[in-house]
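Colleague: Here's a structure for you.
Coordinate-derived values only; no laboratory data. Only a predicted model underlies this, so the values are computations on that prediction, with no experimental measurement involved. Here the Cβ positions follow ideal geometry from the backbone for every residue, glycine too, while neighbour counts run over all protein chains shown.
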2 protein chains.
Amino acid sequence: MKTWPCTGNDVSPEVNDTMNKPERIDTATEDTMLAIGKRARAAAHALALASPEAKTKALHAAAAALRAAVPDILAANAKDIAAAQAAGRPDAFIDRLLLDEKRIDAMAQGVDEIAELPDPVGTVLAEWTRPNGLQFQRVRVPLGVIGIIYESRPNVTADAGALAVKAGNAAILRAGSESLNSSLAIHAAMASGLKSAGLPEAAISLVPTPDRAAVGLMLAGLGGTIDVIVPRGGKSLVERVQTEARVPVFAHLEGLCHTYVDRRADLGMAVDIVLNAKMRRTGVCGATETLLVDSGAPAEFMPTLVKALLDAGCQVRGDEAARKADARVIAASDEDWATEHLDAIISAKAVDGIDGALQHIGRYSTQHTDAIVTADADTAERFLREVDSAIVLHNASTQFADGGEFGFGGEIGIATGKMHARGPVGVEQLTSFKYVVHGAGQIRPK
Amino acid sequence: MKTWPCTGNDVSPEVNDTMNKPERIDTATEDTMLAIGKRARAAAHALALASPEAKTKALHAAAAALRAAVPDILAANAKDIAAAQAAGRPDAFIDRLLLDEKRIDAMAQGVDEIAELPDPVGTVLAEWTRPNGLQFQRVRVPLGVIGIIYESRPNVTADAGALAVKAGNAAILRAGSESLNSSLAIHAAMASGLKSAGLPEAAISLVPTPDRAAVGLMLAGLGGTIDVIVPRGGKSLVERVQTEARVPVFAHLEGLCHTYVDRRADLGMAVDIVLNAKMRRTGVCGATETLLVDSGAPAEFMPTLVKALLDAGCQVRGDEAARKADARVIAASDEDWATEHLDAIISAKAVDGIDGALQHIGRYSTQHTDAIVTADADTAERFLREVDSAIVLHNASTQFADGGEFGFGGEIGIATGKMHARGPVGVEQLTSFKYVVHGAGQIRPK
């Protein structure tokens, strides 16, 4: 279903400056935003009590409305594309922004798939009875109102809105100004779908103005109406969110992912995994940025791995061991170990076995995704246990860091924090819980 | 085991002004605090990898050290008590501060009980295999470093420290200045216990200075070393925390709890529950503050309930219906419906059935704990589903809002937010999770 190149973050540093600085707030924007917040809060209340069938039906209706709105969406998208071209945006930016019938259909299909996911609300997560007869249940409930701030990719309007609604929440979406026309057209279709199925349109609200002040207002919680913020964008957006937000945030800052090739790895498997982890898509957050090779590995390991990367068109920036392995390797600077290249560039280094790998990863990992390749189960277990990242893999590519690959049926992003959501943020991660207690007149002794 | 009057919040508004205002930060304090943060971070790393046996042993050793330190703790406590008396603190404040041999033994017993709780770290929360053969596990891991800011109750030093360690975390404790001598003595015992069992002393760190700037530094995250803040104190402390904190917070602001007596309630049960919910202990966060009586209930409901409360020494502030029911009822002001009395005072009101109850609770509840008394299962289910509070009870007293009563074996507090922890914050709520993925060389298709 996915036809966009990245499923994790949506890195477009070249447009970050349109939304990452504090600004004066104009009264009209503030009024508009507070009204959006109030309507979203009321919609969240209705959504929390909506039946599973009502939500499923509404999302299918939204998907149908998207398909019916193809001409409108393409017309709106053409405006955004023309503006982006006039502004001299790079091709990768234009590609992220571009919609065609196939991409709109994929978006609609995504919404249909989210509609069919199991409804998380009301699930009993645990139940037990106390000696006094009180019966406890921990029951899944929606989070409330989710604010989603994103940049150029217009499909987020459909994906994120649908995931929020499936989990019984309302979403307030703030699209990047460059994709606003496209997002408005997609939003109009989604809202009409919800409405036709009897759910409040405001369950998916889109900020209609490109005014940057809207971001600041959302980060402040929009008069207490926003429960959590999900930023999807480049590093500077996420950092602004983390600095200014007065409400909880599900954020990932960076995916500086490592693949460690142990002395007991199958070299053929290691080559396949490293090539895929780096080169399948270089711009995704789960792409490996640093290759660590066990210095106790057979002599051919480093040259074979480095050659495979170089031959595939990857620049290798290495330590002495990597440079000795192939003349094409460039000397790595200290900064390279701390850099999320998001390009066909890898940092490569020899480390002193599993201890050296753990030490390097402990220092430089952004706690997103890290992998080990080894045939030794004990070494693998140690790596999986000691690396403090949201996702740790054994004998697999770091590019599996994606909600779809986890079987979550969609994600809003990958959270690298440890609170509430960690890793892919799917429907379940957009819920909370409450305790429901049944008694028969129990009172608490003194 | 508990000999303190309150297990939820620790309300002492009279001392809040010692810690709730921004302040200038002196360099020595900042250096001390940053050093504490660094040591705690290193200790958290060791604790995360400590075996269940090591943690259990260390906590039993800490409990033994507490018992052995009774004379030191009592001597330190005597200093705090003398200072509090000299400052003219009220009796309730002195009582919260006071330690005797029995209370120290209860504290040690609490630590022994926490030692014996099941170890949450490493628990597999979910596992599944994808069609490509990748095996996924969601595994519980510690959160990291937990900052706990509390006021006069010195036992928190032992309870909160032990819960954090059991969950594989390090704790940085900031005690109220009024209880600092007592907390230092308790902390010295706990740390020596950890050390004797081979765990780092810094796994439970106590801020050694009464300097209020320490609170601000902790709220700012202490140079990135604190992962979450748990405030235990009066409303103004919690509000300062929620305004200033740059790290996630597990906070409860207020427990404005309601008990709704439906027309189909058993009146005898309702009287027992309401009396217990209000009067068992009036200063705890789970105490009922507002009684809602169905206006469609038999005529004797309101008078019987109100009389029972008045006869038990409770002041009743009521609407017209309540005032008609008993001449002793005082007229409620608008403010009363929004007031957490934390005293032998209740607001009482007739509401138009379950709809009226839901409307009133939706407006005034602080999403802590609310209860319904009814014999009608459908009405109960509607209440439990629609009231958006951390804890909702049917035919039971709101005073069951307590981790011990839930069977959690101790709690740090009751969280009213919806992120991560909600309701009693016990050992499990002090953990996060990570995804562990086992492969056999899988790479991700294009």
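Colleague: Quick check on region A:244-327: what does the Kirkwood estimate of hydrodynamic radius come out to from the alpha carbon pairs, in Å?
Modeller: 14.0
Colleague: Looking at region A:117-179 only, what percent of DSSP beta bridges run antiparallel? Nearest 5 please.
Modeller: 50
Colleague: For A:V141, enumerate residues with amide H under 5 Å from its amide H, sequence gap 5+ or separate chain, H modeled in the peptide plane.
Modeller: A:G122, A:S432, A:F433, A:K434
Colleague: Treating the angle as unsigned and between 0 and 90°, give the value, to the nearest 10°, between the Cα long axis of helix B:301-311 and the longest Cα principal axis of chain B.
Modeller: Tilt relative to chain B: about 60 degrees.
Colleague: Further, regarding this structure: Please turn the phi angles of region B:202-219 into ³J(HN,Hα) values with the Karplus equation 6.51 cos²θ - 1.76 cosθ + 1.60 (θ = phi - 60°), one per residue in order, whole Hz, x for glycine and proline.
Modeller: These are the phi-based 3J(HN,Hα) values: 5, 4, 10, 10, 10, 5, x, 10, x, 3, 5, 4, 4, 5, x, 5, 5, 5 Hz.
Colleague: Plugging the Kirkwood radius over Cα pairs into Stokes-Einstein for region B:389-433, at a temperature of 20 °C and a viscosity of 1.002 mPa s, what D comes out in µm²/s?
Modeller: Approximately 196 µm²/s, per Stokes-Einstein.
Colleague: Here is a follow-up. Please average, across the residues of A:44-57, the number of beta carbons from any other chain that are within 10 Å of each residue's own beta carbon, and give a whole number.
Modeller: Other-chain Cβ atoms within 10 Å of each residue's Cβ, averaged: 1.
Colleague: Where does region B:257-404 land on Rg(C-alpha)/(2.2 N^0.38 Å)?
Modeller: Rg over 2.2 N^0.38 Å, computed on Cα atoms: 0.91.
Colleague: Could I ask something else about it? Put the label 7 Å from Cα along Cα→Cβ for B:E300; what are its distances to the other copies, in nanometres, shortest first?
Modeller: Spacings between copies for this position, smallest first, are 9.4 nm.
Colleague: Report, by chain and number, residues whose modeled amide H sits under 5 Å from the one on A:I345, excluding near sequence neighbours (fewer than 5 apart, same chain).
Modeller: A:Q315
Colleague: Return the FRET efficiency for the residue pair B:A312, B:A46: r is the Cβ-Cβ distance, R0 is 51 Å, and the value is rounded to the nearest 0.05.
Modeller: The computed FRET efficiency comes out at 0.45.
Colleague: Across the residues of A:123-136, average count of Cβ atoms on other protein chains within 10 Å?
Modeller: Across the residues of A:123-136, the mean count of other-chain Cβ atoms within 10 Å is 2.
Colleague: Another one. From Cα coordinates alone, what are the radius of gyration and Dmax values for region B:43-244 in angstrom?
Modeller: According to the Cα coordinates of region B:43-244, Rg and Dmax are 18.4, 72 Å.
Colleague: Between copies, how far apart are the B:A83 label points? List them in nm, one decimal, shortest first, with each point 7 Å from Cα toward Cβ, please?
Modeller: 6.1
Colleague: Something else now. Looking only at A:H45, A:H187, A:H368, which one moves most when chain A is put into a Gaussian network model with springs between Cα atoms under 10 Å?
Modeller: Taking springs between Cα atoms under 10 Å, the residue moving most is A:H45.
Colleague: Another question, then. Evaluate peptide B:427-434: per residue, the Cβ atoms of other protein chains within 10 Å of its Cβ; return the mean as an integer.
Modeller: 3
Colleague: Also: What residue of chain B has the nearest C-beta to the axis that moves B onto A, and what is that distance in Å, given as a whole number?
Modeller: Spelled out as residue then distance in Å, it is B:H420, 2.
Colleague: Something else about it: Could you work out the local net charge near B:A299, counting Lys and Arg as +1, Asp and Glu as -1, over the other residues with Cβ closer than 14 Å to its Cβ?
Modeller: Its environment carries a net charge of 0.
Colleague: Right, something else. So in region B:43-244, what percent of DSSP beta bridges are antiparallel if you round to the nearest 5?
Modeller: Of the beta bridges lying entirely in region B:43-244, close to 30 percent run antiparallel.
Colleague: As a quick test, which of the pairs A:K166/B:K434; A:K349/B:K434; B:K102/B:K278; A:K434/B:K324; A:K235/A:K324; A:K57/B:K349 have an alpha carbon distance above 32 angstrom in this structure?
Modeller: A:K434/B:K324; A:K235/A:K324; A:K57/B:K349
Colleague: I want the antiparallel fraction of DSSP beta bridges within the protein assembly as shown, as a percent rounded to 5.
Modeller: Within the protein assembly as shown, antiparallel bridges account for around 25 percent of the total.
Colleague: Give the aspartates and glutamates whose C-alpha is closer than 17 Å to that of B:K307, dropping any in the same chain fewer than 8 places away, or say none.
Modeller: B:D266, B:D272, B:E289, B:D294, B:D319, B:E320, B:D326
Colleague: To continue, here is another question. Quick one: compute a quarter of the convex hull surface over the Cα atoms of chain A and quote it in nm².
Modeller: Computed as one quarter of the Cα hull surface, the answer is 25.3 nm².
Colleague: Work out, step by step, the length gained on full extension between A:A220 and A:A54: first 0.36 nm times the residue separation, then minus their alpha carbon distance; give nm to one decimal.
Modeller: Length gained, A:A220 through A:A54: 56.6 nm.
Colleague: Taking θ as phi - 60°, what are the ³J(HN,Hα) couplings along region A:267-278 by the Karplus curve (6.51, -1.76, 1.60), each to the nearest whole Hz, with x for Gly and Pro?
Modeller: Values per residue, Gly and Pro as x: 5, x, 4, 4, 4, 4, 5, 5, 4, 5, 4, 8 Hz.
Colleague: Additional query: Could I have the simple spin-label model distance between B:S196 and A:L34, label points 7 Å from Cα toward Cβ, reported in nm to one decimal?
Modeller: 6.1
Colleague: Name the residues whose placed amide hydrogens come within less than 5 Å of the amide hydrogen of A:V261, ignoring near sequence neighbours (fewer than 5 apart) on the same chain.
Modeller: For A:V261, the qualifying residues are A:L292, A:V293, A:D294, A:V373.
Colleague: In addition: Largest first and to the nearest Å, give the Cα extent of the protein assembly as shown along each principal axis.
Modeller: 91, 67, 49
Colleague: Okay, moving on. What FRET efficiency would be calculated for the residue pair B:K446, A:E116, taking the C-beta separation as r and a Förster radius of 41 Å, to the nearest 0.05?
Modeller: 0.95
Colleague: Report, to the nearest 10°, how far helix B:70-86 tilts away from the longest principal axis of the Cα atoms in chain B, using its own Cα long axis and a range of 0 to 90°.
Modeller: Relative to chain B, helix B:70-86 is tipped by roughly 50 degrees.
Colleague: Across region B:412-424, in residue order, what do the Karplus-derived ³J(HN,Hα) couplings come to in whole Hz, using 6.51 cos²θ - 1.76 cosθ + 1.60 with θ = phi - 60° and x for Gly and Pro?
Modeller: Karplus values, whole Hz, x for Gly and Pro: 8, x, 10, 8, 9, x, 10, 8, 6, 9, 9, x, x.
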